[in-house]
């Protein structure tokens, strides 16, 4: 019989105005679903005094107004939510595609990644595009989705020295994760391709192309198709 | 009582980095958007009160060096935060007080004489198209504020409508002292405080750090004696709170700030207390700072006390 959810939750003050709720300390599908359920229930029944929520792999950081709530009061409220967590239904996941042009100027690290693993660049592309990834959460910068997991044979360490600027749309890998840089930002992930899709569209209702819990596949496209999609 | 409307500010020189900021945007953590807003929110709030705006109205945040702004139709303005040696048509103007600028006059600001940021608040507030309910500029993504960017020469900003009747206001000098600069940042233990040896924690509290050149609204990089976390532990990326003090393996702390990344994978030794966050916004590259550990209860009392002081009826003199 599965343990009640509250047993697995741990509370930790992160600052004088934020509280971390941990569901274990490792990446797992179970922890991810608990994070999502708590996020969904706080979304549907908001708590006065909570200012912001930051979901991650196995934790939810809750920012609150310290003039209205204390850590203890918030923890007591969240415990009530946790008791009812198992009953929170998760919507069926959306399935999305990220068309990606691999290699060349779009994926300057593709050849090196291939060499590191003793395989051809084509095999790297094939492997990267062979898996359905889960959006564990969004964070770092607007619209950046932490996607897992890469096929084990593709797991690659970060660059020793991060790039000062990674072009928007770059598809990178790091450890057993992959992701798309929504904006030109500094970055240490190895770049294997680029998508013409805008990952963050502030003029749209759903600003982020990806949402927590989505299922995602990368589809290889040609440079010509990239240009076509970019101009749409 | 008539209303003023359609007034503008012309940017003659923008200064080093001048952006439109209000008190930021909450609630967008789930899609990775940090709050932004004024780096020294207390200065912005007080500036707005001096010109009889709502505390959350948008103003201009100048960084290290100010610009020159012309008010073709005139305005009521106040300068708060750090002293940038402001003049009005060549004559020195006081900080922390509301002053009238007559049509066509230019307010000119120079290099800072104290901290990192000076705020120009104008009666009616700066009017921009809000992005997600806030006027704040998020520079990294080019969102919010005035065209999502720092101001440039020739930009024309619109001032919001306001009632024309207005009485001059000042911050009582003894009250302003309460919020003056201190180079000690108080902190509470971070979620990974136990990842640091006693020696590292002691060193963190006893040594001083220098604010690095590569510091900005996203984060302040500190230089000094390294305080590395115990090696060999692998952290799972988690949400990071405003003012988190994260320590990469090299041991040099980084204070995450208002345009910060929303999640991170480095252990956090501490977190700057809410009541001291506005001080972080006034730190300049090469400033020396120290850290002082306080309990969560003390941090909360300090915040309550600060808010009480901010709301005190004796703060503003008319």
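Bear in mind that the values in this text are calculations on the coordinates, not laboratory data. Every value quoted in this text rests on a predicted model; they were computed, and no experiment measured them. Glycine also receives a Cβ, built like all others from the backbone with ideal geometry; neighbour counts cover every protein chain displayed.
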What average number of partner chain Cβ atoms lie no more than 10 Å from the Cβ of the residues making up B:260-267?
5
Applying the gyration tensor rule to the Cα atoms of the stretch A:45-88 (axes a ≥ b ≥ c; rounded if a/c under 1.5, else prolate if a/b exceeds b/c, else oblate), the class is oblate
R0 = 30 Å: FRET efficiency of residue B:213 with residue A:176, Cβ-based, nearest 0.05?
0.30
FRET efficiency for residue A:97 and residue A:203, Cβ-Cβ distance as r, R0 = 22 Å, nearest 0.05?
0.50
Average Cα contact separation per residue, the stretch B:1-72, under 8 Å, 6 or more apart, as relative contact order %:
50 percent
If you rank A:51, B:25, A:123, B:102 by fewest surrounding Cβ atoms within 10 Å, what's the result?
B:102, A:123, A:51, B:25
Give me the distance in nm between label points sitting 7 Å out from Cα along the Cα-to-Cβ direction at residue A:45 and residue A:10, one decimal.
2.7 nm
What value, in deg cm²/dmol to 500, does the helix sum -39500 (n - 2.57) over DSSP H runs of n ≥ 4 give at 222 nm once divided by the residues of chain B?
-4000 deg cm²/dmol
If you line up the long axis of helix B:41-50 against the longest principal axis of chain B, both from Cα atoms, how many degrees apart are they, to the nearest 10?
20 degrees
Calculate the mean, over all residues of peptide A:125-138, of how many other protein chain Cβ atoms lie within 10 angstrom of the residue's Cβ.
1
Once you average over the residues of A:58-68, how many Cβ atoms of partner chains fall within 10 Å of each Cβ?
4
Under 17 Å from a point 7 Å along the Cα-to-Cβ line of residue B:182: which residues of the stretch B:209-252 have their amide N that close?
B:209
With a Förster distance of 22 angstrom and the Cβ-Cβ distance between residue B:310 and residue B:91, calculated FRET efficiency to the nearest 0.05 equals 0.10
Euclidean distance between Cα centres, the stretch A:150-220 to the stretch A:79-118, Å:
9 Å
Which parts of the stretch B:207-246 would a label at residue B:286 reach, counting a residue when its backbone N lies under 11 Å from a point 7 Å out along Cα-to-Cβ?
B:213
Taking the Cα atoms only, what angle lies between the long axis of helix B:296-311 and the longest principal axis of chain B, rounded to 10 degrees?
10 degrees
Sort B:236, B:141 so the one with the fewest other Cβ atoms within 10 Å of its own Cβ comes first.
B:236, B:141
Going by alpha carbons, how many degrees (0 to 90, nearest 10) lie between the helix axis of A:29-44 and the longest principal axis of chain A?
60 degrees
Rounded, prolate or oblate: which fits the stretch B:50-142 when a ≥ b ≥ c are the square roots of the eigenvalues of the alpha-carbon gyration tensor, with rounded for a/c under 1.5 and prolate only if a/b beats b/c?
oblate
Highest GNM mean-square fluctuation among A:57, A:81, A:136, for chain A with Cα springs under 10 Å, belongs to A:81
Rounded to the nearest Å, what's the spacing between the alpha carbon centres of the stretch B:264-318 and the stretch B:89-160? Just the number, please.
24 Å
Of B:97, B:188, B:230, which is the most mobile in a GNM of chain B whose springs link Cα atoms less than 10 angstrom apart?
B:230
Measure off 7 Å from each Cα along the Cα-to-Cβ vector at residue A:68 and residue A:80, then give the distance between these two points in nanometres to one decimal.
1.5 nm
Need one word for the protein assembly as shown: rounded, prolate or oblate. Basis is the Cα gyration tensor (sqrt eigenvalues a ≥ b ≥ c); a/c below 1.5 gives rounded, then a/b vs b/c decides.
prolate
Relative contact order (%) - the stretch B:197-291, alpha-carbon pairs under 8 angstrom, separation at least six
35 percent
What nm value, rounded to one decimal, do you get for the distance between residue B:205 and residue B:163 when each label is placed 7 Å out toward the C-beta?
5.2 nm
B:138, A:71 arranged by Cβ crowding within 10 Å, fewest neighbours leading
A:71, B:138
Give the relative contact order (percent, whole number) for chain A; include only Cα pairs under 8 Å separated by 6+ residues.
19 percent
